[in-house]
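See structure below.
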Amino acid sequence: MTVREAGKADLKAICRLSNEINEVHYAYMPNDFVKPDGSNRDEPYWLGFMSMDDSTVFVAEENGILTGAVAVSVSMSAPYPFLTSRPRGHVATIVVSESYRGRGLGRELMSAAEAYAKEKGAEDIKLEVMAFNYDALDFYRELGYGSFSFRLSKSLP
């Protein structure tokens, strides 16, 4: 297995992975996520990380097959007067194909994302996990991630 920085030629395979995770998100939260249609509709999202300064996409590849991807960026804190201004890493999306999970690919992708953020001057790295995704929560806790805040939601009648 190889982890490397993604290029534009990887977009179709990355979108296939994106559709896989989007199916899960849609199944649990159909009011919030658009049903995947098998297209490359997420291409602009991933391309944005490949095109912006201080952000990138890493992919895991095994025998010529893209098996995982992670989008990571580094930016200064929001310009609020009550927050310290410092570079912070952010993992926007990570996905490992279901048929390749349990092989350490997620760990390798997160390691690449963390190394990238540190190289860009980030002092910490944050990510968001959907509340239904207990496996991901366990995975991140095993990697040393802890709660920073809670994002709550309420449907309005």
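Derivation of every value follows stated rules applied to the coordinates shown; laboratory data play no part. Please read these numbers as outputs of a predicted model, since none were measured by experiment. Reconstructed Cβ throughout: ideal geometry from the backbone, glycine too, with neighbour counts over all protein chains shown.
Here are the numbers for this structure:
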item: Extension gain from Met1 to Ser111, taking 0.36 nm per residue of separation minus the Cα-Cα distance; result: 38.2 nm
item: Linear extension gain, Lys12 paired with Thr84, 0.36 nm per residue minus alpha-carbon span; result: 22.1 nm
item: Furthest towards positive pole of dipole, Ala122, Phe148, Ala136, structure part the chain, Cβ charges; result: Phe148
item: Positive minus negative residues near Leu83 (Lys, Arg vs Asp, Glu; Cβ under 15 Å); result: +1
item: Efficiency of FRET between Asp138 and Ser99 - r from beta-carbon atoms, R0 25 angstrom, step 0.05; result: 0.80
item: Counted charge near Trp46, where neighbours are those whose Cβ lies closer than 12 Å (Asp, Glu -1; Lys, Arg +1); result: +1
item: Ranked by how many other beta carbons lie within 10 Å on average, peptides 101-108, 141-148, 3-10 from highest; result: 101-108, 3-10, 141-148
item: Interchain or long-range residues, amide H under 5 Å from Thr67's placed H; result: Ala60, Glu61, Glu62
item: Net +/- balance of residues flanking Thr67 in space, Cβ distance below 11 Å, scoring K and R +1, D and E -1; result: -2
item: Ratio of Rg to Rh over the chain (Cα coordinates, Kirkwood Rh, two decimals); result: 0.96
